[in-house]
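Novice: Sharing a structure with you now.
The values are calculated or read from the model by the stated rules, or taken from the named source; none is laboratory data. Please read these numbers as outputs of a predicted model, since none were measured by experiment. Methodologically, a virtual Cβ is constructed for each residue, glycine included, from the backbone with ideal geometry; neighbour enumeration extends over all protein chains shown. Side chains included, ligands, DNA and RNA excluded: accessible areas come from the protein's heavy atoms. Shrake-Rupley method; radii C 1.70, N 1.55, O 1.52, S 1.80 Å.
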Amino acid sequence: MAGAIEIFLPFTLMCTAIWACEDGQVDHLTARQSLDEQLQANSYPANPWVFPYYYNIQPRLPFAGYADAARIPFYRKSPGYFAKNVNDGYRQEDRLGFGNLGANLFSSLFTLPTRPFRPFANLVGRMDACTCTSSSGDAGICTSALACSLLSRKPSGSCNLGRVCCVDVLATCGGTVTLNNTYWQSPSTPVSAPSTCALTVRLDSTLAEQALPICQIRLDFVSFTTAQPTAGTCTDTFQVSGATTVAPTICGNNDGQHMYLDVPSSASTPTDVRLTFNFAAGMTTRSWKIKIALLPCGTTYLAPTDCLQYFSAASGRVKSFNWQDVAGTATRQLNNQDYNICFRTELVSSQRATQMCLSICAVSNGGDAFSITTPTSTDAAAATAAVVTATTNLAKAQTTLTNAQATLATAQTTLADAQTALTNAQNNIAPTQAALTAAQDALATAQDAVPVAETALTDAQGALTTAETDLATAQGTLTDARTALNKAYIDLAAAMAAIPPDYAAIDVARAALTTAQTAIIDALAVVDGAQTVANTAQTNVNNAQTTLTNKQTAVTDAQTAVDTAQLAAVNAQTAVTDAQTAVDTAQTNVNNAPAAVTDAQTAVTTAQAALTAAQTAAANAVASAAALSGVGTSAIVNGVNTATCLYDFLLISSAQDSTNVEADRYCGNALNPATTPIATSVPVCTPIKPFRMTFQTDNTEEAVAAGANILPAPADTANTGFCLDYQEK
Ligand SMILES: *[C@@H]1O[C@H](CO)[C@@H](O)[C@H](O)[C@H]1NC(C)=O
């Protein structure tokens with residue numbers, strides 16, 4: 001019991017001493033609160049960003065014709081929560097720096113009769129406001145050495161009243177932070193890759209150690225080294241999630257950089273903000289040390305809403321993430337940046353600053369203090385498009401030439417083939433004509449044989465007729481003889497039948513019979529002879545007929561042969577004519593082709609010259625675009641349509657150079673046109689308040705191809721980002 005009282009006693013002392021060492025923080029808060037209330041009562045917008053000077057700002061007309069996001073006023077949250085209700089509950093948790101040991105120790109030892117005693121509400125809530133700087137430069141809180149060890153923190157250096165500067169350092173992945181000013185640093189063993197290392201920052205005003213509602217986190221990258229980007233894109237990434245502020249993904253070297261992250265008040269909405277490193281495969285140094293400050297709602301030192309970076313001194317240095325003073329052409333500018341950098345309006349010589357001026361910071365190691373992607377001017381875009389057209393035209397002309405040459409070669413081949421065909425056709429005529437003559441001769445011969453055969457047939461037919469007549473006569477004679485024989489038989493029979501027989505008549509009848517029989521024999525012989533003659537004549541007629549038929553067939557065949565031969569002869573002639581026509585056509589083609597080849601060659605030469613001219617024009621346009629990269633408002637300067645800083649730019653509203661040329665967007669080497677031999681600064685000043693810049697880059701350092709509503713941009717890969725010294729005046 002006695003020991004515990006000893007532990008607590010210094011806290012009471014310390015907390016009475018805090019306000020002195022913290023330079024009247026309460027007074028600030030009270031003053032600020034009453035001013036805000038007063039301003040609200042007078043209907044001015046509550047915009048503590050420019051506190052306490054903003055209410056005199058004269059609105060400035062925007063530069064005509066140029067939309068500028070920076071000129072859209074934006075208001076920060078209304079004044080926050082000033083008084084911690086001492087009766088707020090306290091929840092005991094086992095989390096970073098608070099073992100059950102400490103919580104139980106305090107909560108079990110102290111209980112006041114009138115209200116429960118909440119040691120952490122006092123101990124931590126106020127203790128966190130009582131900061132010190134350790135011997136190694138880290139922020140800590142002044143506590144007794146025993147309290148520091150109870151909180152699992154690291155004592156480093158001493159405070160007054162015998163206390164130590166107690167520092168909270170976490171060197172692991174996957175932890176949760178709830179204490180103010182915790183340092184998160186890389187583990188002592190080298191980071192293996194690929195890997196992820198994340199930290200959760202838990203904001204919840206019901207936690208004992210978060211006595212005040214938190215509205216903002218400030219990350220200070222005491223040190224920060226990861227792999228360099230590849231063409232502007234981070235391979236190792238550091239990302240923030242869970243905050244209202246959209247923080248860009250960063251990588252590379254970011255020592256000394258900071259980020260403000262807005263969160264909803266932890267009194268109303270407990271929030272986990274996650275900080276995540278993703279390391280890509282590959283050997284490279286990865287180390288970091290990030291101070292995580294939890295900023296109470298309503299304090300004067302909060303950054304205005306949407307300001308990722310916030311500067312609250314009259315002058316200082318502001319750099320893009322990963323900018324470093326190193327020589328070389330490596331791309332250090334990061335892709336996908338889109339954040340606001342804000343500057344509090346300060347008193348300069350007791351007067352409210354009226355302008356903020358920016359100039360490149362001095363370099364000593366060959367770094368380039370201003371190098372943001374070189375823009376594309378309208379001229380350069382047109383020239384680039386002309387190169388594309390000229391290239392297309394050259395390709396077309398070359399195709400035409402190739403085609404013409406192919407046509408010539410084809411025509412020559414065709415001519416040779418046609419000439420061969422003509423020779424063949426001509427050679428074919430003689431044989432076909434010889435065949436025709438032979439066929440015609442054969443026809444004549446066959447035709448000659450036909451009349452002979454016809455005569456022979458006629459003769460045979462005549463003989464046949466004669467023989468047939470003779471045969472008929474002989475048959476008539478035979479018939480007569482038969483008739484006579486029959487009569488002789490009848491006469492004989494009649495003579496023999498007579499009584500008495502008439503022997504004389506019989507003899508006569510027998511003689512007549514004999515005569516008749518002889519006549520029959522003779523007539524038969526004559527008929528046989530006539531028949532033979534008739535048969536022979538018939539055979540002759542048949543033979544003659546066959547011969548005639550054969551001769552006629554021979555004539556028909558010979559005629560067919562003649563027709564065929566004539567057709568062949570005609571065809572051969574036609575083939576010659578056709579072949580001659582083909583030869584003539586091929587010859588014409590051969591004659592014409594060289595002219596086409598010559599024309600095509602001329603076209604190629606012309607197209608090549610056009611391409612060269614377009615390339616020269618493009619190079620000149622790109623060069624002049626680079627030289628004129630400073631002016632972001634589209635305008636004709638020296639006859640060239642100047643850059644519009646379309647893709648990557650630093651936006652400084654209505655900034656003016658020493659010659660009063662006004663612009664908003666800066667890119668290329670606008671503020672640093674000559675890095676060698678001596679860097680040239682083109683300082684600019686802006687009267688637009690609140691003082692603010694916006695840095696924006698697109699997602700690539702590669703060329704942007706032209707498209708519908710897309711201006712092309714050349715690839716531009718050696719950008720460094722910016723390092724500027726600012727000064728309020
Ligand atoms: C945390 O520490 C910072 C100083 O680093 C201080 O301004 C702030 O008020 C502290 N936050 C709380 C909640 O006490």
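Novice: Mind listing the long-range amide H neighbours of Glu728? Cut-off is under 5 Å, sequence gap 5 or more, other chains count too, H placed in the peptide plane at 1.01 Å from N.
Specialist: Amide H neighbours of Glu728, under 5 Å, 5+ apart: Ser315, Cys357.
Novice: Roughly what % of Cα-Cα distances in region 258-311 sit above 12 Å, to the whole percent? Don't jump to the answer; show the numbers that get you there.
Specialist: On the way: 1089 of 1431 pairs.
Distances greater than 12 Å cover 76 percent of the Cα pairs.
Novice: Let me ask something else about it. For the pair Thr602 and Gln412, what calculated FRET efficiency results from E = 1/(1 + (r/R0)^6), where r is the Cβ-Cβ distance and R0 = 30 Å, to the nearest 0.05?
Specialist: On the way: r = 21 Å, r/R0 = 0.71.
With a Förster radius of 30 Å, E is 0.90.
Novice: List, in order, the whole-Hz ³J(HN,Hα) value for each residue of region 211-221 obtained from phi through the Karplus relation with A = 6.51, B = -1.76, C = 1.60 and θ = phi - 60°; use x for Gly and Pro.
Specialist: 5, 9, x, 9, 10, 7, 10, 10, 9, 10, 7
Novice: Out of region 273-308, which chymotrypsin sites (Phe, Trp or Tyr not before Pro) are coil in DSSP terms and have no more than 16 other C-beta atoms within 10 Å? Don't jump to the answer; show the numbers that get you there.
Specialist: Working: sites: Phe277, Phe279, Trp288, Tyr301; in loops: Tyr301.
Those satisfying the criteria are Tyr301.
Novice: Moving to a separate point now. Along region 657-672, what does the Karplus equation 6.51 cos²θ - 1.76 cosθ + 1.60 (θ = phi - 60°) give for ³J(HN,Hα), rounded to whole Hz, x for Gly and Pro?
Specialist: Calculated HN-Hα couplings, in order: 8, 5, 9, 6, 6, 9, 8, 10, 9, 10, 7, x, 10, 3, 8, 8 Hz.
Novice: What whole-number distance in Å separates the alpha-carbon centres of region 656-695 and region 154-231?
Specialist: Each part reduced to its Cα centre gives a spacing of 36 Å.
Novice: Now, a different point. If you wrap region 143-203's Cα atoms in a convex hull and average its projection over all directions, what's the area in nm²?
Specialist: 5.0
Novice: Please give the length that would be gained between Thr392 and Ala674 if that part of the chain were fully extended, namely 0.36 nm times their separation in residues minus their C-alpha to C-alpha distance (nm, one decimal). All intermediate terms of the calculation are to be shown ahead of the outcome.
Specialist: Details: separation 282, 0.36 × 282 = 101.52 nm, distance 3.66 nm.
Result: 97.9 nm gained on full extension.
Novice: Here is a further query. For a label point 7 angstrom out from the Cα of Glu454 toward its Cβ, which stretches of region 544-578 have the backbone nitrogen within less than 18 Å?
Specialist: Counting backbone N atoms under 18 Å from the label point, the list is 544-559.
Novice: Once the Cα atoms of region 460-570 are picked out, what are the Rg and Dmax in Å?
Specialist: Using the Cα atoms of region 460-570, the pair Rg, Dmax is 28.0, 103 Å.
Novice: Rg (Å, one decimal) plus Dmax (Å, integer) for the alpha carbons of region 485-544?
Specialist: Here Rg and the maximum Cα pair distance are 19.2, 65 Å.
Novice: Moving to a separate point now. Can you list the HN-Hα couplings for region 584-601, worked out from phi with the Karplus curve (6.51, -1.76, 1.60; θ = phi - 60°), rounded to whole Hz and with x for Gly and Pro?
Specialist: Computed from phi, the couplings for region 584-601 are 4, 4, 4, 5, 4, 4, 4, 5, 7, 3, x, 5, 4, 4, 4, 4, 5, 5 Hz.
Novice: Which of the peptides 174-181, 600-607, 656-663 is most tightly packed, and how do the rest follow, judged by the mean count of other Cβ atoms within 10 Å per residue?
Specialist: Details: 174-181: 19.5, 600-607: 16.6, 656-663: 14.0.
Most protected by this proxy first, the peptides run 174-181, 600-607, 656-663.
Novice: Taking H as built 1.01 Å from N, whose amide H comes closer than 5 Å to the amide H of Val191, not counting residues under 5 places away?
Specialist: Under 5 Å from the amide H of Val191 lie the amide H atoms of Arg286, each far enough along the sequence or on another chain.
Novice: Also: Quote to one decimal, in nm, the extra length available between Thr300 and Arg352 on full extension: 0.36 nm per residue of separation minus the C-alpha distance between them. Display every interim value, and only then the final one.
Specialist: On the way: separation 52, 0.36 × 52 = 18.72 nm, distance 1.73 nm.
Stretched fully, the Thr300-Arg352 segment lengthens by 17.0 nm.
Novice: May I pose another question? Would you kindly state how much longer the chain becomes between Gln559 and Asn592 on full extension, computed as 0.36 nm times their sequence separation minus their alpha carbon distance, in nm to one decimal?
Specialist: Working: separation 33, 0.36 × 33 = 11.88 nm, distance 4.90 nm.
Net length gain for the segment: 7.0 nm.
Novice: Quick one: Debye curve from the alpha-carbon atoms of region 293-348 only, equal weights, vacuum; give me log10 I(q)/I(0) at q = 0.24, 0.29, 0.31 Å⁻¹ to two decimals.
Specialist: The Cα Debye sum returns log10 ratios of -1.07, -1.25, -1.31.
Novice: Starting from the Kirkwood radius over alpha-carbon pairs of region 176-315, derive D by Stokes-Einstein at 25 °C in a medium of 0.890 mPa s and give it in µm² s⁻¹. Could the numbers behind the result be given before it?
Specialist: On the way: Rh = 15.6 Å.
The Stokes-Einstein estimate is 157 µm²/s.
Novice: Be a star and scan region 504-525 for residues whose amide nitrogen sits under 20 Å from the point 7 Å along the Cα-to-Cβ vector of Ala493.
Specialist: 504-518, 520
Novice: Right, another one. Could you please put Leu161, Leu212 in sequence from largest to smallest accessible area, using a 1.4 Å probe? Each step should come with its number before you reach the end.
Specialist: Values: Leu161 115, Leu212 65 Å².
Greatest to least solvent exposure: Leu161, Leu212.
Novice: Still on this structure, I have one more. Can you give me the accessible area per residue for region 160-319, using a 1.4 Å probe, in Å²? All intermediate terms of the calculation are to be shown ahead of the outcome.
Specialist: On the way: 5320 Å² over 160 residues.
Each residue of region 160-319 exposes 33 Å² on average to a 1.4 Å probe.
Novice: Amide H neighbours of Asp236 under 5 Å, counting only residues 5+ apart in sequence or on other chains, H built in-plane at 1.01 Å?
Specialist: Amide H neighbours of Asp236: Ala227, Ala280.
Novice: Mind pulling up the Rg/Rh value for region 340-486? Radius of gyration and Kirkwood radius, both on Cα. Intermediate values should be presented prior to the final figure.
Specialist: Working: Rg = 59.4 Å, Rh = 30.5 Å.
Across region 340-486, the Cα-based Rg/Rh ratio is 1.95.
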